[in-house]
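Every number in this text was worked out from the coordinates using simple rules, so none of it is lab data. The shown structure was predicted, so the numbers you read here are calculated from the model rather than taken from an experiment. All Cβ positions, even for glycine, are placed from backbone atoms using ideal geometry, and neighbour counts span all protein chains on display.
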């Protein structure tokens, strides 16, 4: 469409997309490179359930939707992603209400993982499509025994509590989780792991955030008999982000 006489499509200026001149324009600042970094919060099939898309939540809480470029299965909920892109102008500004420019993805860097999402498009009927749902990112420090049990669930759930453990304590900051893993789990079990995971905000809204010594040390108190429901509310996988010693 760029070289056609029609005023539809993307502009051939500053250069035809994909040409050597265009790539040079993305490098010299003529088309400034931008980045979006965050957590993949949702992987789904858009349009007629045949267009691979994902949603990304950045650290500041902003949300964006992206086409899954490349290997569709590499996009897995809970993984970190960094997307580089430029904004290329349309021939006619605000074409079909799409604004003055179109985002063109340059590179996609996804957290290294063996996990994969289903690469099969469900097609018509909305099979496999999921409604967008807000989530809260939590952390939990664990010792070696608990980590072994988490791995047995394919990194999908936390193990049930022991009789002498009536409360499950996920925390609200990576800093707090690191402190516990390093200062408590390592002396107690020889190893400390910090896990990160996303939980449905709708589920967590039933609980109050607890302060365990100030705003830097906040956590949720989940009764042991509600841990199954908590696990069911985890969106995506439990990730290991740090290990001690």
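Mean sequence separation of contacting Cα pairs (under 8 Å, at least six apart), scaled by the length of the chain, corresponds to a relative contact order of 17 percent. Cα convex hull, the range 20-110: 125 Å³ per residue, rounded to a whole number. Computed FRET efficiency, Cβ-Cβ of residue 206 and residue 228, R0 22 Å: what is it to the nearest 0.05? Efficiency computed from Cβ-Cβ geometry: 0.90. The calculated FRET efficiency for residue 164 paired with residue 33, based on their beta-carbon distance and R0 = 51 Å, is about 0.40. Debye-formula intensities of the chain, expressed as log10 I(q)/I(0) at q = 0.07, 0.14, 0.15, 0.17 Å⁻¹, are -0.33, -0.99, -1.09, -1.28 (one equal scatterer per alpha-carbon, no solvent).
Neighbour counting of Cβ atoms within 10 Å sorts the residues 240, 83, fewest neighbours leading, into 240, 83. For residue 100 and residue 23, a Förster radius of 22 Å and the Cβ-Cβ distance give a FRET efficiency of 0.55, rounded to the nearest 0.05. Using 0.36 nm per residue and subtracting the Cα-Cα separation, the extra length available between residue 69 and residue 111 on full extension is 13.6 nm. Find the centroid of the Cα atoms in the range 1-68 and in the range 80-109, then give the distance between the two in whole Å. Rounded to whole Å, the Cα centres lie 4 Å apart. Dividing the summed helix terms, -39500 (n - 2.57) for each DSSP H run of n ≥ 4, by the number of residues in the chain produces a 222 nm estimate of -4000 deg cm²/dmol to the nearest 500. State log₁₀ I(q)/I(0) for the range 135-244 at q = 0.17, 0.19, 0.23 Å⁻¹ as given by the Debye formula over alpha-carbon point scatterers of equal weight, solvent excluded. Normalising to I(0) and taking log10 leaves -0.77, -0.99, -1.51.
Given Cα pairs under 8 Å that are at least 6 residues apart, what percent is the relative contact order of the range 135-244?
Relative contact order of the range 135-244: 39 percent.
Using a cutoff of 8 angstrom between alpha carbon atoms and counting only pairs six or more residues apart, the relative contact order for the range 20-110 works out to 26 percent.
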